[in-house]
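The values are calculated or read from the model by the stated rules, or taken from the named source; none is laboratory data. What you see is a predicted model, and the numbers here were worked out from it, not measured in a lab. In this analysis, Cβ positions are derived from the backbone assuming ideal geometry, glycine residues included, and neighbour counts consider all displayed protein chains.
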């Protein structure tokens with residue numbers, strides 16, 4: 001029976017193992033429904049797992065300076081991976097759905113894009129939740145520390161990119177004197193901005209602000225060093241996936257931006273954006289579900305609903321909803337059990353029995369709901385299968401949820 005209230009405690013090791021065992025195969029099955037976005041989905045899931053790994057580094061008892069440096073350096077690749085997962089999936093879906101031959105095709109194409117992107121985002125959220133379930137819940141204080149480290153790491157790239165961008169706007173063809181003036185401006189603004197942030201961070205406490213700022217400077221040096229080669233390749237990777245004339249127009253616009261503002265300025269701003277995106281993820285999680293199993297269940301539900309709009313079989317839809325309910329219940333039961341008996345008591349046998357009963361309930365409910373949906377859809381007229389089938393699927397899912405409760 002599903003829990004009425006969800007405790008705020010962490011999952012037990014057995015509960016975390018059950019969450020992983022249910023989430024991983026369902027994510028793999030959902031990923032097969034969007035083969036064109038498999039690369040983006042894989043990179044996005046790795047980014048989600050990397051984000052959780054950096055949280056565990058912060059929570060460790062290691063020396064604070066190496067921790068701040070490693071987290072600051074890892075924020076950029078984690079942000080890039082998350083961005084590739086989300087935007088890469090969108091580009092692949094757009095390339096597959098467009099162009100269309102008729103105006104009516106735009107609506108169906110847009111729905112296809114939303115379904116494919118929703119499937120990828122759901123799988124990424126499920127991977128994030130499963131990783132949190134395995135490593136332990138992220139407290140608000142822990143997420144706040146990560147957000148502060150990420151913001152500090154983005155400071156030098158953001159200031160440098162803004163000043164370089166201003167230089168290009170003021171003087172597209174600068175003289176040596178103007179180059180020196182803007183060079184001094186970069187140093188002056190960066191020093192002033194860092195000083196202000198360091199002063200405020202020192203008052204806030206909890207982090208060593210000079211170390212993540214140094215990590216941001218190292219990341220900036222790497223980004224600027226590879227910008228002349230990496231940025232054109234990234235533009236080609238994006239525009240090659242866009243359909244027809246749209247790809248050519250975007251390529252011309254992006255190449256023009258690089259020519260006007262410079263690869264260094266754009267690379268610095270992109271780096272600041274990727275790092276800041278991880279801070280936004282941490283800030284969003286501070287007000288989200290209390291633990292990993294809740295996030296994993298939400299991701300499975302989102303991925304299942306989205307995949308059902310792009311041709312996923314009804315059996316997978318019911319399996320996804322059943323898996324969502326199982327993950328939610330396993331995590332809630334484990335958290336409540338740990339609150340009751342403590343962290344040192346063994347709960348494996350109790351959780352195994354409860355998981356077996358939950359699995360039987362959701363599997364029987366899923367089979368019964370799937371049978372109701374199939375029987376109801378068979379009686380539909382040939383010209384109304386889509387909406388009718390959807391209605392019976394909805395009835396079946398409602399019966400599944402009632403059976404699980």
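Just a few scattered comments:
- Residues being more than 23 Å from residue 127 (Cα to Cα) and either in contact with a helix residue (DSSP H, G or I) (Cβ under 6 Å, 6 or more places away or on another chain) or at pLDDT 80 or above (or both) are represented in segment 332-347 by at least one member.
- Among the residues listed as 283, 298, 254, 221, the single one being buried (at least 18 other Cβ atoms within 10 Å of the Cβ) and farther than 30 Å from residue 99 by Cβ: 298
- Residue identified as in contact (Cβ under 8 Å) with a residue 40 or more places away in the chain and assigned to a helix (DSSP H, G or I) among 257, 300, 231: 300
- Take the conditions (1) within 25 Å of residue 18 (Cα to Cα); (2) over 15 Å from the mean Cα position of the chain (by Cα); residue 123 misses just one of them, which is (2).
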